[in-house]
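Presented below is the structure to which this report refers.
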Amino acid sequence: MKVTLAALLGDAWALFRRDADLLLRVAGLFLFVPTYAMLLLVGPLPLPDSRIVDTQARAQAWMNGLDAWVGDYGLGSAGAYAITYFGLAVVFCLLLDPMRPTVGEALGRGATLFPRFILATVIVSIPAGAGMYILLLPGLWLMSRFMLAGPIVFAQAPIGAVAAIGRSWQATRRAQLSLLGAIVTVYLGGLLAGQPFMLLARWLGSETGGNPIGIALAHAVAAGVAMLSQLAGALIAVAAYRRLAAAR
């Protein structure tokens, strides 16, 4: 089976159409709700204050701000991210188990394999995040090479997190450009669709007294876009895993 960008998008869309009702229910609870809660309740990460001329003083003020942010929002943010990734684990269980489990069975299996999945996600995020910080494209390329780690954890269980990452690196070697194109499509699509509503919420919040209803609505749309982007990424990963596994 050929692995092309068009084929991956077509397979992902077919998966979504087949199980749209179920996938949206799971994504709504585990992807939308924590994202929306973070947008509404968690303050932005503090940035270095350019108005402070002294470098050491600016760095110290920034670290103090980060410490305060972690104290206020760190635990809640970690919990929200954990719920989101558990939702992705449930999606992988629903789509990759040939026995077509019920949601309850997928929840149980997802909970069992979740420690390996979250460990693989954390390991992958370090080089991918560093690549995106230095230059966007290398980070996206690394994400495309590691994108099968999640599906492998569930489709080839029992397998360790590091082994799943290694198999993803090997399996994606044959279709690097197509997978990179899929990652770029999802990333840019989510960014371009969601960023205007984030900017709108910021603008509404800067008005005198703010506009809480408008802010809540703008954040709701932004959270919905993020949910669909995360779900699309999971569906494309499943489609890529199936095509590359069939091509071996």
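When we screen Ile126, Ile118, Ile159 for residues that are out of contact with any His (no Cβ under 6 Å at 6 or more places or on another chain), farther than 20 Å from Val90 by Cα and free of Cβ contacts under 8 Å to residues at least 60 places away in the same chain, the only hit is Ile126. Close contacts from segment 82-97, counting a first residue that is closer than 13 Å to Phe32 by Cα and a second that is buried (at least 21 other Cβ atoms within 10 Å of the Cβ) and among the small types (Gly, Ala, Ser), with Cβ to Cβ under 8 Å and a gap of 6+ residues or different chains, come to Phe86/Gly110; Gly87/Ala27; Leu88/Gly150; Leu88/Ala234.
Residues that are part of a loop (DSSP other than H, G, I, E, B) and open to solvent by less than 80 Å² (accessible area, probe 1.4 Å) were ranked within segment 33-64; the one that is farthest from Val122 (Cα to Cα) is Ile52.
Number of residues in segment 216-248 that are assigned to a helix (DSSP H, G or I) and open to solvent by 70 Å² or more (accessible area, probe 1.4 Å) equals 3.
Across segment 84-103, the qualifying residues are those that are open to solvent by 50 Å² or more (accessible area, probe 1.4 Å) and either more than 30 Å from Asp19 (Cβ to Cβ) or assigned to a helix (DSSP H, G or I) (or both), and the one among them that is modelled with the highest pLDDT is Tyr85. One residue stands out in segment 65-83 among those that are of a type outside the set (A, V, I, L, M, F, W, C) and open to solvent by 80 Å² or more (accessible area, probe 1.4 Å): the one that is nearest to Ser125 (Cα to Cα), namely Tyr81. The combined condition, being touching a Lys or Arg at 6+ places or on another chain (Cβ under 8 Å) and of a type in the set (Asp, Glu), is not fulfilled by Asp19. Filtered by the rule that a residue be open to solvent by 30 Å² or more (accessible area, probe 1.4 Å) and either at pLDDT 85 or above or touching an Asp or Glu at 6+ places or on another chain (Cβ under 6 Å) (or both), segment 194-215 gives Gln195, Pro196, Phe197, Met198, Leu199, Leu200, Arg202, Trp203, Pro212, Ile213, Ile215. Here Ala175 meets each of (1) at pLDDT 95 or above; (2) over 23 Å from Leu23 (Cβ atoms); (3) open to solvent by less than 50 Å² (accessible area, probe 1.4 Å); (4) not acidic (Asp, Glu) with one exception, condition (1).
The values are calculated or read from the model by the stated rules, or taken from the named source; none is laboratory data. In this text, all values refer to a predicted model and were calculated from it rather than measured experimentally. Please note: Cβ atoms are built from the backbone with ideal geometry, for glycine as well, and neighbour counts cover all protein chains shown. With ligands, DNA and RNA removed, areas are computed over all heavy atoms of the protein, side chains included. Shrake-Rupley method; radii C 1.70, N 1.55, O 1.52, S 1.80 Å.
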